[in-house]
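Trainee: The structure under discussion is supplied below as structure tokens; questions concerning it will follow.
Laboratory data are not the source of any read-out in this text; all were calculated from the coordinates shown. The model shown is predicted, which means the values in this text are computed figures rather than measured ones. Every residue, glycine as well, gets a Cβ built from its backbone with ideal geometry; the counts of neighbours run over all protein chains shown.
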Amino acid sequence: MRSFFRFGQREGWTKSNPAKPLRNPRKARSLPHFLSSEEIERLLAAPPTDEPLGLRDRAILEVLYSAGLRVSELAGLNDGDLDLAGGVLRVRGKGKRERVSPVGSFATRALQNWLDVRKLSSREAAGAHAPVFVNRFGRRLTTRSIGRLLEKYLKQTGLDQRTTPHTLRHSFATHLLDRGADIRSVQELLGHKSLVTTQIYTHVSTAGLRAVYERAHPRAS
């Protein structure tokens, strides 16, 4: 209607735009799909650890969940971004913004196990710029390849086929909030520029809120 009346003004049909004060309706934001802690455990245990690519896949899933990375951030990791002794990763996020992401002991162990057996192709030079995650030919994994390997383990474990690499990021944020992390810290860990983006996770963390309510409110039970 706004555009129609603007057109009418240009054509001389009307001198005013009565629709100008109208605002677009706000779109409802869908809640993110996430996995429970038990489902995450099943998924992380799926890759075999008796072969190099299984060790790679275990490390990929562990890091996605442990650090809450976007799949593009994971694919872009280089050897120079890893500080396994300190338990942190240097991550390049959206808009070329860099952040430091903590990573847990399970993920650091999985990463080390993978690096011990990884073989780079001749075109992927060893050193700080060597890709952390490579395919069977020693070349950097693409985001699509990471999505396909996740699909394989979802079928093996019978987990929800809607799950994507980003689901592990959603699960990371939801589980942190459920266990008492403050939303500002989760914002920093996710690399969100705006707190508004992070706030959607407060709507899915009802289990943690309920536990706090039951424990703290004098008339809860």
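Trainee: Amide H neighbours of ASN78 under 5 Å, counting only residues 5+ apart in sequence or on other chains, H built in-plane at 1.01 Å?
Mentor: HN-HN under 5 Å from ASN78: VAL132.
Trainee: Using the number of other C-beta atoms within 10 angstrom as an exposure proxy, rank ASP116, ASP160, ASP57 with the fewest first. Walk me through the intermediate numbers first.
Mentor: Working: ASP116 9, ASP160 12, ASP57 24.
In increasing order of surrounding Cβ atoms, one gets ASP116, ASP160, ASP57.
Trainee: Put +1 on the Cβ of every Lys and Arg and -1 on every Asp and Glu Cβ in the chain; which of TRP114, SER37, SER145 then has its Cα farthest towards the positive end of the dipole?
Mentor: It is SER145, whose Cα lies furthest towards the positive end.
Trainee: Cα axis of helix 165-178 to longest principal axis of the chain: angle in degrees, 0 to 90, nearest 10?
Mentor: Long axis of 165-178 versus the principal axis of the chain: about 80 degrees.
Trainee: Return the FRET efficiency for the residue pair ALA126, ALA216: r is the Cβ-Cβ distance, R0 is 41 Å, and the value is rounded to the nearest 0.05. Walk me through the numbers on the way to the answer.
Mentor: On the way: r = 54 Å, r/R0 = 1.32.
That gives a FRET efficiency of 0.15.
Trainee: Please tell me the relative contact order of the stretch 37-207 in percent, rounded to the nearest whole number, where contacts are Cα pairs under 8 Å and at least six residues apart.
Mentor: After rounding, I find 24 percent.
Trainee: I've got another one for you. Mind checking the angle between helix 206-216 and the chain's longest principal axis? C-alpha axes, 0 to 90 degrees, to the nearest 10.
Mentor: Long axis of 206-216 versus the principal axis of the chain: about 90 degrees.
Trainee: Here is a follow-up. Tell me, which longest segment in the chain has none of the chymotrypsin sites (Phe, Trp or Tyr not before Pro) that fall in DSSP loops with at most 14 further Cβ atoms within 10 Å?
Mentor: 14-136
Trainee: Just the number, please: Stokes-Einstein D of the chain in µm²/s, Kirkwood Rh from C-alpha pairs, 25 °C, 0.890 mPa s.
Mentor: The estimated diffusion coefficient comes to 123 µm²/s.
Trainee: Let me ask another. Whole angstrom only: what separates the Cα centroid of the stretch 1-46 from the Cα centroid of the stretch 131-185?
Mentor: Using only Cα atoms, the two centres lie 28 Å from each other.
Trainee: As an exercise, use a Förster radius of 30 Å and the Cβ-Cβ distance of GLN112 and SER72 to find the FRET efficiency, rounded to the nearest 0.05.
Mentor: With R0 = 30 Å, the Cβ-Cβ based efficiency is 0.80.
Trainee: Taking only Cα atoms, what is the 0 to 90° angle, nearest 10, from helix 105-117's long axis to the longest principal axis of the chain?
Mentor: 60 degrees
Trainee: With each pseudo-label sitting 7 Å past Cα toward Cβ, what's the GLU98-GLN199 distance in nm, one decimal?
Mentor: The answer from the label model is 3.2 nm.
Trainee: Need the list of lysines near LYS193 for cross-linking: C-alpha distance under 24 angstrom, and skip anything on the same chain fewer than eight residues off.
Mentor: LYS27, LYS94, LYS96
Trainee: Pick out which of GLY93, GLY80, GLY12 has the largest mean-square fluctuation in a Gaussian network model of the chain, springs linking Cα atoms closer than 10 Å.
Mentor: The residue that fluctuates most here is GLY12.
Trainee: OK, next. From the P(r) of the stretch 74-201, can you give the percent of Cα pairs sitting at distances over 25 Å?
Mentor: Cα-Cα pairs of the stretch 74-201 separated by over 25 Å account for 33 percent.
Trainee: If you don't mind, there's one more thing I want to ask. Would you mind calculating the gained length between LEU53 and HIS166 on full extension (0.36 nm times residue separation, minus the Cα-Cα distance), in nm to one decimal?
Mentor: 38.6 nm
Trainee: With +1 on each Lys and Arg Cβ and -1 on each Asp and Glu Cβ, and nothing else charged, work out how big the dipole of the stretch 37-207 is about its Cα centre, in Debye to the nearest 20.
Mentor: 740 debye
Trainee: Ok, one more. Name the residue from THR163, THR174, PHE133 whose Cα lies farthest towards the positive end of the charge dipole of the stretch 37-207, charges +1 on Cβ of Lys and Arg and -1 on Cβ of Asp and Glu.
Mentor: PHE133
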